[in-house]
Amino acid sequence: MTELNKLTIAEARDLLRSGDVTSKALTEACLSAVEGAGALNAFVHKTPEIALQQAEAADARLKAGDAPALCGIPLGIKDLYCTKGVPSQAASNILEGFKPEYESTVTQNLFDDGAVMLGKLNMDEFAMGSSNETSAYGNAVNPWRRGNDDTALTPGGSSGGSAAAVAADLCLGATGTDTGGSIRQPCALTGTVGIKPTYGRCSRWGIIAFASSLDQAGPMTKTVRDSAIMLQSMCSHDAKDSTSTDLPVPDFEAALTGDIRGKTIGIPREYRIDGIPDEIDAIWKRGTEMLKDAGAKVVDISLPHTKYALPAYYVIAPAEASSNLARYDGVRYGHRAKLAQGDGITEMYEKTRAEGFGHEVQRRIMVGTYVLSAGFYDAYYNRARKVRTLIKRDFEEAFAQGVDAILTPATPSAAFGLGEMKDADPVQMYLNDVFTVTVNLAGLPGVSVPAGLDKQGLPLGLQLIGRPWEEADLLNTALALETAAGFVDKPAKWW
Amino acid sequence: MSIDTDTAARVAKLARIKVEPDQLPALAEEFNNILGFIEQLNEVDVEGVEPMTSVTPQRLKRREDVVTEGDQQDKILANAPDAREGFFAVPKVVE
């Protein structure tokens with residue numbers, strides 16, 4: 001048998017149910033893979049004791065024959081999720097030492113289904129970043145390298161630790177969150193699969209807030225089938241999140257037939273942008289051909305406001321962040337600055353926040369404060385919200401013309417070197433999300449599927465965007481793409 | 001719209017983040033870069049367009065205005081940097 005940590009969720013589920021493997025053995029294999037992967041800096045809080053307890057409980061449940069699909073499956077959890085009694089600090093110094101007294105709804109759903117938590121995963125601070133370089137824990141490192149070149153590459157961000165852990169087989173799957181591309185971009189950069197569901201599918205309760213109107217949880221896995229299985233468990237209607245939607249959750253895995261004959265796939269012309277490497281364009285064309293060969297009808301579509309998605313995002317997301325992150329004041333949890341003689345409460349707030357937040361988070365809070373301030377609210381914030389309405393309308397019009405899913409590149413490049421963007425303008429880093437951010441603004445489901453390798457041997461991904469609430473159909477199209485692309489490469493182990 | 005160091009200082013104050021005076025010019029420049037990028041939104045014709053309030057067409061749900069999970073003072077204070085006698089402790093607020 002192959003090493004157990006290298007199994008997919010679906011394979012492990014079948015072996016657990018047939019009694020050929022125990023969750024304990026599977027969990028131990030993952031824990032030892034985690035121990036041996038310090039160089040990736042993916043797991044930042046390890047929870048082997050919890051994992052082994054959960055594995056034991058899962059084995060009992062499997063024996064009793066009452067085992068949901070995720071029962072006994074070892075997962076990694078992004079540090080943004082509050083996990084009871086386990087450090088949850090959004091990769092920020094301002095939440096140092098914070099141990100939630102409660103469990104996020106999504107992790108509770110996973111645990112109710114018997115999932116095993118190996119630990120907490122690295123990420124960009126408060127999910128603000130596209131390279132995992134803003135983390136208080138230091139960079140997470142991509143297990144993929146450019147051939148024999150040992151330059152450390154980014155696993156993407158913000159869910160960089162999740163992507164690195166799944167790609168390196170440290171866990172069978174991981175949770176991510178996606179505000180502007182934070183699941184799909186790291187998945188594309190690491191050869192893994194990730195879906196951001198429709199806004200409202202997963203409860204945001206207990207997930208540390210960045211931009212509440214954009215944030216969604218989702219799975220990051222080795223295959224499309226695994227994403228379907230994990231998403232099934234993560235979704236629920238939750239009275240504790242007023243934006244959580246009260247709709248039945250379909251059986252995502254049952255919808256995976258791989259048959260997309262008669263489906264219409266839209267190719268948006270506005271996603272052909274200047275300066276994009278030829279290889280990205282080539283893989284997009286290949287993906288289009290694959291879907292056509294699988295029996296889909298391919299049509300050109302127009303999403304005319306695409307160009308304005310990133311600037312609208314960089315008003316709306318910082319505005320919401322400045323409001324959400326106002327709670328970190330050194331009073332109720334986390335870090336409090338040491339005060340000088342005579343310092344009052346204002347100095348306490350200002351020093352605490354200057355010490356606790358990293359540079360990128362401070363910048364976004366202040367940009368958000370500015371665009372919401374008197375005199376600028378209409379010019380920036382309201383205008384951005386109007387543009388958001390237009391971006392959503394573009395998609396609605398495409399879907400009204402009979403388009404079932406939209407195919408785009410997932411990222412404008414393959415993984416880049418850690419530190420390579422250090423001196424770049426922040427706007428340059430923001431361009432990483434150019435293909436993904438529209439989906440958050442429109443609240444739609446989007447999935448990233450590995451489609452091939454570039455000349456340097458690095459994975460490239462394609463994104464499929466679906467109609468609202470039709471994740472089942474979207475995942476089925478993703479399966480057809482995955483099958484046609486036949487991506488089976490894994491990074492050569494160097495860590 | 002160009003942001004000067006006075007405006008940068010005012011924004012930092014509003015955000016309750018201490019920024020040293022020698023850092024203000026660099027901060028102002030960063031703001032200008034980002035706002036320059038955002039200025040593109042002025043090209044869009046938004047006449048008659050409603051600003052989005054909810055990305056999904058549903059009304060915000062309401063719940064009964066009652067205590068749901070009360071009586072857990074210890075848990076609420078467990079993570080406080082300074083908690084005394086059942087309260088969060090802060091520097092003197094009122095002179």
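Could you check region A:262-283 and list, in sequence order, the residues that are closer than 19 Å to A:Ala398 by Cα and in contact (Cβ under 8 Å) with a residue 12 or more places away in the chain? Result: A:Gly262, A:Lys263, A:Thr264, A:Ile265, A:Gly266, A:Ile267, A:Pro268, A:Arg269, A:Glu270, A:Tyr271. I'm trying to understand the selection: among the residues of region A:453-468, which are farther than 27 Å from A:Arg146 by Cβ and surrounded by fewer than 20 Cβ atoms within 10 Å (Cβ to Cβ)? Listed by number, the list holds a single entry, A:Arg467. Across region A:221-243, the number of residues qualifying as modelled with pLDDT under 95 and either part of a helix (DSSP H, G or I) or crowded, with 22+ Cβ neighbours inside 10 Å (or both) comes to 0.
Does A:Arg201 satisfy being more than 22 Å from A:Thr483 (Cβ to Cβ) and either modelled with pLDDT of 95 or more or surrounded by fewer than 24 Cβ atoms within 10 Å (Cβ to Cβ) (or both)? Considered against the rule, which asks whether it is more than 22 Å from A:Thr483 (Cβ to Cβ) and either modelled with pLDDT of 95 or more or surrounded by fewer than 24 Cβ atoms within 10 Å (Cβ to Cβ) (or both), A:Arg201 comes out as yes. Could you please find all residues in region A:328-358 being acidic (Asp, Glu), outside any loop (DSSP other than H, G, I, E, B) and more than 7 Å from chain B (Cβ to nearest Cβ)? Residues satisfying the conditions are A:Glu347, A:Glu355. Do we find that A:Thr22 is in contact (Cβ under 8 Å) with a residue 40 or more places away in the chain, buried (at least 17 other Cβ atoms within 10 Å of the Cβ), out of contact with any Ser or Thr (no Cβ under 6 Å at 6 or more places or on another chain) and closer than 19 Å to A:Ala168 by Cα in this structure? No. Being more than 8 Å from chain A (Cβ to nearest Cβ), under 21 Å from the mean Cα position of the chain (by Cα) and basic (Lys, Arg) is the requirement here; does B:Arg10 meet it? In short, yes. The one condition from (1) loosely packed, with under 10 Cβ neighbours inside 10 Å; (2) within 22 Å of the chain's Cα centre (by Cα) that B:Asn32 does not meet is (1).
Figure legend. Inter-residue proximity from region A:423-441: first residues under 16 Å from A:Asp124 (Cβ atoms) and in contact (Cβ under 8 Å) with a residue 24 or more places away in the chain, second residues in a helix (DSSP H, G or I) and of a type in the set (Val, Ile, Thr), beta-carbon distance below 7 Å, spacing 6+ or different chains. Indicated pairs: A:Pro426/B:Ile34. Scoring A:Asn382 on the criteria (1) in contact with a Pro (Cβ under 7 Å, 6 or more places away or on another chain); (2) outside any loop (DSSP other than H, G, I, E, B); (3) crowded, with 20+ Cβ neighbours inside 10 Å leaves a single failure, condition (3).
Does A:Val361 satisfy the criteria of being surrounded by 18 or more Cβ atoms within 10 Å (Cβ to Cβ), within 14 Å of another protein chain (Cβ to nearest Cβ), of a type in the set (Val, Ile, Thr) and in contact with a His (Cβ under 9 Å, 6 or more places away or on another chain)? Against the criterion (surrounded by 18 or more Cβ atoms within 10 Å (Cβ to Cβ), within 14 Å of another protein chain (Cβ to nearest Cβ), of a type in the set (Val, Ile, Thr) and in contact with a His (Cβ under 9 Å, 6 or more places away or on another chain)), A:Val361 does not qualify.
Being crowded, with 16+ Cβ neighbours inside 10 Å, touching a residue at least 24 places away in the same chain (Cβ under 8 Å), of a type in the set (Val, Ile, Thr) and farther than 17 Å from B:Val11 by Cα is a property that A:Ile406 has.
Here is a yes/no grid of residues against (1) in contact with a strand residue (DSSP E or B) (Cβ under 9 Å, 6 or more places away or on another chain); (2) surrounded by fewer than 24 Cβ atoms within 10 Å (Cβ to Cβ); (3) assigned to a loop (DSSP other than H, G, I, E, B):
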position: A:Ala140; (1), (2), (3): yes, no, yes
position: A:Arg145; (1), (2), (3): yes, yes, yes
position: A:Pro155; (1), (2), (3): no, no, yes
position: A:Ala163; (1), (2), (3): yes, no, no
position: A:Cys171; (1), (2), (3): yes, no, yes
position: A:Thr175; (1), (2), (3): yes, no, no
position: A:Gln185; (1), (2), (3): yes, no, no
position: A:Leu189; (1), (2), (3): yes, no, no
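Residues that are of a type in the set (A, V, I, L, M) and closer than 20 Å to A:Ala472 by Cβ within region A:207-255 comprise A:Ala217, A:Met220, A:Val224, A:Ala228, A:Ile229, A:Met230, A:Leu231, A:Met234, A:Leu247, A:Val249, A:Ala254, A:Ala255, listed in sequence order. Listed by first and then second residue, the pairs with beta-carbon distance under 6 Å, at least 6 apart or on different chains, first residue in region A:79-99 and away from chain B (no Cβ under 11 Å), second surrounded by 24 or more Cβ atoms within 10 Å (Cβ to Cβ) and basic (Lys, Arg), are A:Asp79/A:Lys120. Kindly indicate the residue of region A:259-283 that is surrounded by 16 or more Cβ atoms within 10 Å (Cβ to Cβ) and touching a helix residue (DSSP H, G or I) at 6+ places or on another chain (Cβ under 8 Å) and also nearest to the other protein chains (Cβ to nearest Cβ) among those meeting that condition. Ranking the qualifying residues of region A:259-283, first place goes to A:Glu270. Once region A:284-297 is narrowed to residues that are in contact (Cβ under 8 Å) with a residue 40 or more places away in the chain and not polar (S, T, N, Q), the residue that is surrounded by the fewest Cβ atoms within 10 Å (Cβ to Cβ) is A:Asp293.
Among the residues of region B:69-87, just one is at the interface with chain A (Cβ under 8 Å from one of its Cβ atoms), surrounded by 14 or more Cβ atoms within 10 Å (Cβ to Cβ) and not in a loop (DSSP other than H, G, I, E, B), namely B:Ile76. Scan region A:118-135 and tell me whether some residue there is in contact (Cβ under 8 Å) with a residue 12 or more places away in the chain, within 20 Å of A:Ile183 (Cβ to Cβ) and β-branched (Val, Ile, Thr). Within region A:118-135, one or more residues are in contact (Cβ under 8 Å) with a residue 12 or more places away in the chain, within 20 Å of A:Ile183 (Cβ to Cβ) and β-branched (Val, Ile, Thr).
Note on region A:348-381: residues that are over 14 Å from A:Ala337 (Cβ atoms) and of a type in the set (D, E, K, R) amount to 4.
I'd like to check something: does region A:286-307 contain any residue that is modelled with pLDDT of 95 or more, under 16 Å from B:Phe37 (Cβ atoms) and in a helix (DSSP H, G or I)? Yes, region A:286-307 has at least one match.
For region A:389-405, the count of residues that are closer than 24 Å to A:Pro311 by Cα and either in contact with a Phe, Trp or Tyr (Cβ under 6 Å, 6 or more places away or on another chain) or of a type in the set (Ser, Thr, Tyr) (or both) is nonzero. Filter region B:24-55 for residues that are assigned to a loop (DSSP other than H, G, I, E, B) and of a type outside the set (A, V, I, L, M, F, W, C); which is nearest to the other protein chains (Cβ to nearest Cβ)? Filtering region B:24-55 for residues that are assigned to a loop (DSSP other than H, G, I, E, B) and of a type outside the set (A, V, I, L, M, F, W, C), the one nearest to the other protein chains (Cβ to nearest Cβ) comes out as B:Pro51. Among the residues of region A:72-112, those identified as of a type in the set (S, T, N, Q) and either assigned to a helix (DSSP H, G or I) or within 19 Å of A:Cys187 (Cβ to Cβ) (or both) are A:Asn93, A:Thr105, A:Thr107, A:Gln108, A:Asn109. Scan region B:56-68 and give yes if some residue there is assigned to a helix (DSSP H, G or I) and either charged (D, E, K, R) or without any contact (Cβ under 8 Å) to a residue 24 or more places away in the chain (or both), otherwise no. No; the residues of region B:56-68 include none that is assigned to a helix (DSSP H, G or I) and either charged (D, E, K, R) or without any contact (Cβ under 8 Å) to a residue 24 or more places away in the chain (or both).
The values are calculated or read from the model by the stated rules, or taken from the named source; none is laboratory data. Quick caveat, the model's predicted, so the values are computed rather than measured. Reconstructed Cβ throughout: ideal geometry from the backbone, glycine too, with neighbour counts over all protein chains shown.
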